[in-house]
Amino acid sequence: MKKFRGLGVAVVTPFKNDTSIDFAAMGRITEHLISGGVSYIVLLGTTGEATTLNKDEKSALTSFVTETVDKRVPIVLGIGGNNTNEVISAIRHTSFEGIDAILSVVPYYNRPSQKGLYQHFRQISTSSPVPVILYNVPARTGCNLMPETTLELARDCENIIGIKEASGNFEQTMRLIKDKPENFHVFSGNDMDALPFIASGGAGIISVLANAYPAEWSEMVSQALKSNFRVAREIHYKYFELIDLLFADGNPAGIKAIMNGMGLCQNVLRLPLVPVNRSIASRVAKAMDQVK
């Protein structure tokens, strides 16, 4: 459990100009994250544009990153969807060599009831050979995993070990933290909320910003977890404008614009996503200069 406390990174998937996966850039990014002191890496999430990758690409990317990481940090693999049977099939056909947990998003579009959500994640829990972290992001899924349902799953399913909570609802977050079992972690899913989230008792964050600034954001999270909030607050506000710009024209468009400016990857996304507009790109460049 302790290995997931701190800073996780929802890593991008870099593409070449022809939109094929840029494995050389993926290697650079992976080393950048590890040398920056991140606690763990999350593959094939929203920021990784997983919905635009086919099965073979997902498998190739997972194999490449697990080999590159070589167990230096834990890896969490995104496996989720709105068809329970397909998610279970994907789990059964996945090699978990080098994978420490899965991150599974709340089913989107079909808007199941809380009973349906409970049964969905209970079956995933039963099928998974590694621990499961839930992912609640109502703004994307159109469905909110309520605290009562999350806590019931946490108590009933031994291998459901945490939740990436990105509802933005702090009353909901605090209810989760207040009533959770001791061996269950609550992680922030929003960089802007990370500091108050940890101050409320959260176990850390699964971050987008840390793709570009792993050392700095790792220090912020570490200081906050030690209750050194003066230091953590200084770092938080230093990156405040950049965090705001991450989502001003869509994710991962914002972080890829930043990483392109740092020479980590090309500013290429797969449709229907496109790079940030010129106005945002100019603001990103200015904000990057300010944090140097």
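The values are calculated or read from the model by the stated rules, or taken from the named source; none is laboratory data. Keep in mind it's a predicted model, so treat the numbers as computed, not measured. All Cβ positions, even for glycine, are placed from backbone atoms using ideal geometry, and neighbour counts span all protein chains on display.
Select from the range 101-113 the residues that are part of a loop (DSSP other than H, G, I, E, B) and in contact with a helix residue (DSSP H, G or I) (Cβ under 7 Å, 6 or more places away or on another chain) and write down the one among them that is surrounded by the most Cβ atoms within 10 Å (Cβ to Cβ). If you could, list the steps in order and put the result at the bottom.
Of all residues in the range 101-113, those part of a loop (DSSP other than H, G, I, E, B) come to 106-113.
Filter once more, so that each one left must be in contact with a helix residue (DSSP H, G or I) (Cβ under 7 Å, 6 or more places away or on another chain): 106-108, 112.
Details: Val106: 26, Pro107: 22, Tyr108: 17, Pro112: 18.
Looking at residues that are part of a loop (DSSP other than H, G, I, E, B) and in contact with a helix residue (DSSP H, G or I) (Cβ under 7 Å, 6 or more places away or on another chain), I get Val106.
Select from the range 263-286 the residues that are in a loop (DSSP other than H, G, I, E, B) and more than 21 Å from the chain's Cα centre (by Cα) and write down the one among them that is farthest from Ala212 (Cα to Cα). Walk me through it before giving the result.
Our first condition is that a residue be in a loop (DSSP other than H, G, I, E, B); within the range 263-286, this holds for 263-277.
Restricting the remaining residues to those that are more than 21 Å from the chain's Cα centre (by Cα) gives 263, 277.
Working: Gly263: 10, Asn277: 19 Å.
Ranking the candidates gives Asn277 first.
Got a sec? Which of Gly27, Gly98, Gly8 is assigned to a loop (DSSP other than H, G, I, E, B) and either at pLDDT 95 or above or among the aromatic types (Phe, Trp, Tyr) (or both)? Before you say what the answer is, go through the steps one by one.
Numbers: Gly27 fails: assigned to a loop (DSSP other than H, G, I, E, B); Gly8 fails: assigned to a loop (DSSP other than H, G, I, E, B).
Of the residues listed, the single one that is assigned to a loop (DSSP other than H, G, I, E, B) and either at pLDDT 95 or above or among the aromatic types (Phe, Trp, Tyr) (or both) is Gly98.
Taking only pairs six or more apart or across chains, which ones have beta-carbon atoms under 7 Å, a first residue in the range 125-154 that is closer than 14 Å to Leu176 by Cβ and modelled with pLDDT of 95 or more, and a second residue that is crowded, with 16+ Cβ neighbours inside 10 Å and among the aromatic types (Phe, Trp, Tyr)?
As it stands, the answer is Leu134/Phe121; Thr149/Tyr118; Glu152/Tyr118; Leu153/Tyr118; Leu153/Phe121; Ala154/Phe184, since those pairs meet every condition given.
If I ask for residues that are free of Cβ contacts under 8 Å to residues at least 40 places away in the same chain and under 13 Å from Val132 (Cβ atoms), which ones from the range 95-104 would you list? Show your work before the answer.
Filtering the range 95-104 for residues free of Cβ contacts under 8 Å to residues at least 40 places away in the same chain gives 95-99, 102, 104.
Within the range 95-104, Phe96, Ile99, Ile102, Ser104 qualify.
Take the residues in the range 1-11 that are surrounded by 21 or more Cβ atoms within 10 Å (Cβ to Cβ) and of a type outside the set (A, V, I, L, M); name whichever of them is farthest from the chain's Cα centre (by Cα). First the steps, then the outcome.
So in the range 1-11, the residues surrounded by 21 or more Cβ atoms within 10 Å (Cβ to Cβ) come out as 4, 7-11.
Now narrow it down to the ones that are of a type outside the set (A, V, I, L, M): 4, 8.
Values: Phe4: 12, Gly8: 7 Å.
Going through the qualifying residues, I end up with Phe4.
On the basis of being touching a helix residue (DSSP H, G or I) at 6+ places or on another chain (Cβ under 7 Å), among the hydrophobic types (A, V, I, L, M, F, W, C) and part of a helix (DSSP H, G or I), does Val38 make the cut?
Details: touching a helix residue (DSSP H, G or I) at 6+ places or on another chain (Cβ under 7 Å): yes; among the hydrophobic types (A, V, I, L, M, F, W, C): yes; part of a helix (DSSP H, G or I): no.
For Val38, the condition - touching a helix residue (DSSP H, G or I) at 6+ places or on another chain (Cβ under 7 Å), among the hydrophobic types (A, V, I, L, M, F, W, C) and part of a helix (DSSP H, G or I) - is not met.
Do you know which residues across the range 144-158 are part of a loop (DSSP other than H, G, I, E, B) and crowded, with 22+ Cβ neighbours inside 10 Å? Quick ask: steps written out before the conclusion?
Filtering the range 144-158 for residues part of a loop (DSSP other than H, G, I, E, B) gives 144-146, 157-158.
Within the range 144-158, just Leu145 meets the criteria.
Go through the range 229-262 and count every residue that is outside any helix (DSSP H, G or I), touching a Ser or Thr at 6+ places or on another chain (Cβ under 8 Å) and not polar (S, T, N, Q). Outline the logic, then answer.
Of the residues in the range 229-262, the ones outside any helix (DSSP H, G or I) are 239, 247-252, 262.
Those still in the list that are touching a Ser or Thr at 6+ places or on another chain (Cβ under 8 Å) too: 251-252.
From what's left, not polar (S, T, N, Q): 252.
Number satisfying all stated conditions: 1.
Conditions tested, residue by residue: (1) surrounded by 14 or more Cβ atoms within 10 Å (Cβ to Cβ); (2) over 29 Å from Met220 (Cβ atoms); (3) in contact (Cβ under 8 Å) with a residue 40 or more places away in the chain.
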position: Thr30; (1), (2), (3): yes, no, no
position: Ile41; (1), (2), (3): yes, no, no
position: Leu44; (1), (2), (3): yes, no, no
position: Leu53; (1), (2), (3): yes, yes, yes
position: Lys71; (1), (2), (3): no, no, no
position: Gly80; (1), (2), (3): yes, no, yes
position: His93; (1), (2), (3): no, yes, no
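If you go through the range 12-21 one residue at a time, do you hit one that is assigned to a helix (DSSP H, G or I), more than 12 Å from the chain's Cα centre (by Cα), farther than 25 Å from Val137 by Cβ and not β-branched (Val, Ile, Thr)? It would help to see each step written out before you state the result.
Start the filter on the range 12-21 by keeping residues that are assigned to a helix (DSSP H, G or I), which leaves none.
No, the range 12-21 contains no residue that is assigned to a helix (DSSP H, G or I), more than 12 Å from the chain's Cα centre (by Cα), farther than 25 Å from Val137 by Cβ and not β-branched (Val, Ile, Thr).
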